[in-house]
1. Kindly evaluate ALA113 against the criterion of being assigned by TED's automatic domain parsing to the domain that holds ILE89, in a helix (DSSP H, G or I) and surrounded by 23 or more Cβ atoms within 10 Å (Cβ to Cβ).
2. Any residue at all in the stretch 47-56 that is more than 24 Å from THR312 (Cα to Cα) and assigned by TED's automatic domain parsing to the domain that holds PHE308?
3. Which one of these is over 23 Å from SER132 (Cβ atoms) and in contact with a strand residue (DSSP E or B) (Cβ under 8 Å, 6 or more places away or on another chain): ASP106, ASP100?
4. May I ask you to verify whether ALA31 is under 22 Å from ALA54 (Cα atoms) and surrounded by 11 or more Cβ atoms within 10 Å (Cβ to Cβ)?
5. From the set of residues in the stretch 174-198 that are closer than 17 Å to LYS83 by Cβ and β-branched (Val, Ile, Thr), which is surrounded by the most Cβ atoms within 10 Å (Cβ to Cβ)?
6. Test of understanding: among GLN236, GLN332, GLN327, which residue is modelled with pLDDT under 75, polar (S, T, N, Q) and within 25 Å of ALA101 (Cβ to Cβ)?
7. Hey, could you check the stretch 272-309 for residues that are β-branched (Val, Ile, Thr) and modelled with pLDDT of 90 or more and say which is nearest to PHE34 (Cα to Cα)?
8. Might you let me know whether the stretch 117-139 holds any residue that is of a type in the set (Phe, Trp, Tyr), free of Cβ contacts under 8 Å to residues at least 40 places away in the same chain and under 20 Å from HIS85 (Cβ atoms)?
Amino acid sequence: MYSPETITFVAVICYSLAELIHAWRVSKISALAFGDKRRPAGWAMASPFLRIAAFCGLSWGIITLYFLDPKIHKGNEIPDAQKKHLVIILDVSPSMGLDDAGPQKDQARRKRAAEIMESFFKRVVVDEYKVSVVAVYNGAKSVVVDSKDLEVVRHIMEEIPMYFAFKPGKTKLYSGLKEAARIAKDWNPKSTTLLMITDGDTVPATGVPRMPASIKNLLIVGIGDSQGGKFIDGHQSRQDSSTLRSIAVRMNGFYHDGNKNHISSSTISDLTSSDMKNSFDELGKREYALIAIAIGATVLALLPLFLFYFGTFWRPGVKKSVQNERQITTFQR
């Protein structure tokens, strides 16, 4: 099967031959069309080339659209390849069940984490994201990867006691970051936002993993009372805000104490802001074909009008002033 470019080339050759025949015919009556000078206005000399170029764009656009598969528009949908990624690293250790979170310090930490994420989802365009959830306790497990169903994510955060999937032990928070890095390593650069929700209990001071180029932003949300805390597993469990803040700084991210306040709108705006892109970078063959059709059809439609009114300054017939003088002379006689 021939390509649109090949068919367009043949069509343009035929059209150029037609223009040569038209130019030969015009030259035969040039005195009638253009007067004694036998030539049009200077700019009109380029009209054959303008017509050829316009016909080339118009024919290429139509033929290209004919060969392309039809595209169905359902609204402001975003292609999967252009969607951004949100990876939630969720601390599911038993300490997240302690009830010292919230403004009154009477909520379970897991419940507070779900409220914060619900507030986050209400203030972002969720359709732009594919959401992944990584559960972390004494290790890390990918629960869901690139999900488009927000109800699945809500159910994971609110209903499933995922610490049963791990062996009892100390919380290895950095293993969650390593698992998130593994998931995101093949994604587009700066397309991923990491959101870690944890009480920061028993977090080591060293061992921060290196993130791939796909990670654009990191937000660590601390849950739980950072002063008093609750007793569990032989120790006093409280939010280690200083360590969490230190991790965020080392990874060029943000830290937010979610025990009293939801994530601020300004922080969400910084996390979800997109890099400015050139509009032409997103144009495909279909869009260029439509542009070529629009330009080519406009030139072919308007060029005859410009040629009629401005193609030559010679006008056949008797000038009106001379005609008036003749009428006056006749009247006087």
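1. Details: assigned by TED's automatic domain parsing to the domain that holds ILE89: yes; in a helix (DSSP H, G or I): yes; surrounded by 23 or more Cβ atoms within 10 Å (Cβ to Cβ): yes.
Considered against the rule, which asks whether it is assigned by TED's automatic domain parsing to the domain that holds ILE89, in a helix (DSSP H, G or I) and surrounded by 23 or more Cβ atoms within 10 Å (Cβ to Cβ), ALA113 comes out as yes.
2. Step one: filter the stretch 47-56 for residues more than 24 Å from THR312 (Cα to Cα), giving 56.
Of the ones still in play, those that are also assigned by TED's automatic domain parsing to the domain that holds PHE308 are 56.
Yes: one or more hits.
3. Values: ASP106 fails: in contact with a strand residue (DSSP E or B) (Cβ under 8 Å, 6 or more places away or on another chain).
On inspection, the qualifying residue turns out to be ASP100.
4. Considered against the rule, which asks whether it is under 22 Å from ALA54 (Cα atoms) and surrounded by 11 or more Cβ atoms within 10 Å (Cβ to Cβ), ALA31 comes out as no.
5. Per the criteria, the residue is THR192.
6. Numbers: GLN332 fails: within 25 Å of ALA101 (Cβ to Cβ); GLN327 fails: within 25 Å of ALA101 (Cβ to Cβ).
The match here is GLN236.
7. Initial filter on the stretch 272-309 (β-branched (Val, Ile, Thr)): 272, 291, 293, 295, 298-299.
Filter once more, so that each one left must be modelled with pLDDT of 90 or more: 291, 293, 295, 298-299.
Working: ILE291: 35, ILE293: 32, ILE295: 29, THR298: 26, VAL299: 23 Å.
Selected residue: VAL299.
8. Pass one, the stretch 117-139, residues of a type in the set (Phe, Trp, Tyr): 120-121, 129, 137.
Checking which are free of Cβ contacts under 8 Å to residues at least 40 places away in the same chain leaves us with 121.
Now drop any that are not under 20 Å from HIS85 (Cβ atoms), which leaves 121.
Among the residues of the stretch 117-139, at least one is of a type in the set (Phe, Trp, Tyr), free of Cβ contacts under 8 Å to residues at least 40 places away in the same chain and under 20 Å from HIS85 (Cβ atoms), which makes the answer yes.
The values are calculated or read from the model by the stated rules, or taken from the named source; none is laboratory data. Worth saying up front: this structure is predicted, and the values here are computed from it rather than measured. Neighbour counts are summed over all protein chains in view; Cβ atoms, including those assigned to glycine, are modelled from backbone coordinates with ideal geometry.
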